[in-house]
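Structure first, then comments.
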Amino acid sequence: MTRASFATEGTYTPDSLIASNADLLVGRKVTILSGQTLVRGSVLGKITTGGKYNLSLSAAVDGSQTPDLILGEAVDASGGDTTAMAYARGDFSASALTLGASHTIASIQEGLRAKGITLLTAIA
């Protein structure tokens, strides 16, 4: 009989990205376009040609201007395309998101909600 072995990788630092029931989360593997370093919680847009993901910028004209996913882990793609996990469904804290130029929570909220991503604001 072979015993399981366990290893520790990295350090877990709690954040407020996931705002509600984690059972509702749906993640998938995506390719992040080279030339960027992104933090967990970055709002991603899908480039129409090739299907890679980029930080969604309002002024983009390659399809990535439309927010599509929430990045689930920090990614360093400065040296080349990199695969990463991104959330396609779930409840997220609006204050924990990183938005590209000219996007606001108000401008992306309804589009993400139609995809199954709900942005929640903190209640004082």
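Laid out as a table, the results:
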read-out	value
Amide H within-cut-off set for G27, under 5 Å, with H built and near neighbours excluded	A88
For S56, distant residues with modelled amide H under 5 Å away	V43, L44, G45, G100
Extension gain, R89 back to E73 (0.36 nm per residue minus Cα-Cα distance, nm)	4.2 nm
Long-range amide H partners of S93 with built H, under 5 Å	I18, A19, L120
Computed FRET value (nearest 0.05) for T98 with T49, which takes r as the C-beta separation and R₀ as 22 Å	0.35
Two-site label geometry, S107 and D62: point separation in nm, points 7 Å out along Cα→Cβ	1.9
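Each value in this text was obtained by applying a stated rule to the coordinates, not by laboratory testing. Quick caveat: nothing in here was measured; it's all calculated off a predicted structure. Please note: Cβ atoms are built from the backbone with ideal geometry, for glycine as well, and neighbour counts cover all protein chains shown.
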